[in-house]
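Peer 1: First the structure, then my questions, so here it is.
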Amino acid sequence: MIEVLVVISILTLSMLASMAVAQKSIFVSRQAVHMSQASFLLEEGAEAVRILRDNAWSNILGLTVGANYYPLYSGGTWTLSSTPGIVGIFTRTVSISNVNRDNTSQDIAAAGTNDPGTKLVVVTVSWLEGSTTVNKTLSFYIFDIFS
């Protein structure tokens, strides 16, 4: 009788352990899929800003520095909307910042003269993973290449 109880206990513990491993692997797999999707959305957001720049630099200059914008594909082109746009479980935002240049070297610097032909763009994708908000960010400089 004791032997049967020991065998049942061992089998129960091994089943519970294998179920815990399976649950964790599903969670990690879902996280990997979300990270991959977020990477694609980040790159698409960056391309949307580049398309806006390619259409006219005034599309970039007219944006409020520090405000959050949301890429929106409508009417066959990209725009930046002030209305939050959600793609599935993801929220994608674009923020524009001014860039300063060193007066001597003309390198990008923390202090110096504002360069209206250069902007810092930060694209952020965020989503809820369990009870935690995950953020993935892509930062890049964009230039007025047509002047």
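Peer 1: Which value in deg cm²/dmol, rounded to the nearest 500, describes the helix-derived mean residue ellipticity at 222 nm for the chain, given -39,500 (n - 2.57) per DSSP H run of n ≥ 4 and division by the residue count?
Peer 2: On the way: 2 runs with 58 residues, N = 147.
Only helices count here, giving -14000 deg cm²/dmol.
Peer 1: Please list 3J(HN,Hα) in residue order for segment 98-107, calculated via the Karplus relation 6.51 cos²θ - 1.76 cosθ + 1.60 where θ = phi - 60°; whole Hz, with x for glycine and proline.
Peer 2: In residue order, the calculated couplings are 6, 10, 9, 10, 4, 5, 8, 8, 6, 6 Hz.
Peer 1: When the convex hull of the Cα atoms of the chain is projected onto a plane and the area is averaged over all directions, what value comes out in nm²? Don't jump to the answer; show the numbers that get you there.
Peer 2: Working: hull surface 54.9 nm².
Mean shadow area of the hull around the Cα atoms is 13.7 nm².
Peer 1: Here's something else I'd like to know. With both bridge residues required to lie in segment 10-129, what share of the DSSP beta bridges run antiparallel, to the nearest 5%? Spell out each step's value before the answer.
Peer 2: On the way: 21 of 21 bridges.
Approximately 100 percent, going by the DSSP bridge assignments.
Peer 1: While we're on this one: Given segment 95-147 reduced to its alpha-carbon atoms as identical point scatterers, what log10 I(q)/I(0) does the Debye formula return at q = 0.17, 0.24, 0.25 Å⁻¹?
Peer 2: Here log10 of I(q) over I(0) equals -0.62, -0.90, -0.94.
Peer 1: Using amide H atoms built 1.01 Å from N in the peptide plane, name the residues 5+ places from Gly85, or on other chains, whose amide H lies under 5 Å from its own.
Peer 2: Under 5 Å from the amide H of Gly85 lie the amide H atoms of Arg92, each far enough along the sequence or on another chain.
Peer 1: Relative to the present Cα-Cα distance, how much length would full extension add between Asp107 and Ser18 at 0.36 nm per residue of separation?
Peer 2: Values: separation 89, 0.36 × 89 = 32.04 nm, distance 5.67 nm.
Difference between extended and current length: 26.4 nm.
Peer 1: Now a separate question. Quick one: 3J(HN,Hα) in Hz for segment 67-80, Karplus 6.51/-1.76/1.60 with θ = phi - 60°, rounded, Gly and Pro as x.
Peer 2: Values, residue by residue: 7, 8, 10, 10, x, 9, 9, 8, x, x, 8, 8, 9, 10 Hz.
Peer 1: Another question about this same structure. Between rounded, prolate and oblate, where does segment 4-81 land on the alpha carbon gyration tensor, with a ≥ b ≥ c its root eigenvalues, rounded for a/c under 1.5, else prolate if a/b exceeds b/c? Write down the numbers at each step before the final one.
Peer 2: Numbers: a/c = 6.48, a/b = 4.90, b/c = 1.32.
Verdict is prolate for segment 4-81.
Peer 1: When the Kirkwood hydrodynamic radius is evaluated over all pairs of different C-alpha atoms of segment 1-40, what value in angstrom, to one decimal, is obtained?
Peer 2: The Cα-based Kirkwood calculation yields 12.3 Å.
Peer 1: Also, I was wondering about something else. Helix 2-55 against the longest principal axis of the chain: what's the angle in degrees, Cα atoms only, rounded to the nearest 10?
Peer 2: Result, in degrees: 10.
Peer 1: By counting other Cβ atoms within 10 Å of each Cβ, how are Val134, Val28 ranked from fewest to most? Can you show the working numbers first?
Peer 2: On the way: Val134 15, Val28 10.
Ranking Val134, Val28 by Cβ neighbours within 10 Å, fewest first, gives Val28, Val134.
Peer 1: Quick one: if you stick a label point 7 Å off each Cα along the C-beta vector at Ala56 and Glu44, how many nm between them?
Peer 2: About 2.6 nm, to one decimal.
Peer 1: Please build a GNM for the chain, connecting alpha carbons under 10 Å apart, and tell me which residue among Ala111, Ala17, Ala38 fluctuates the most.
Peer 2: Top of the fluctuation ranking is Ala17.
Read the figures in this text as sums done on the coordinates, not as results from a lab. Values in this document were obtained by computation on a predicted structure and should not be read as measured data. Backbone-built Cβ (ideal geometry, glycine too); neighbour counts: all protein chains shown.
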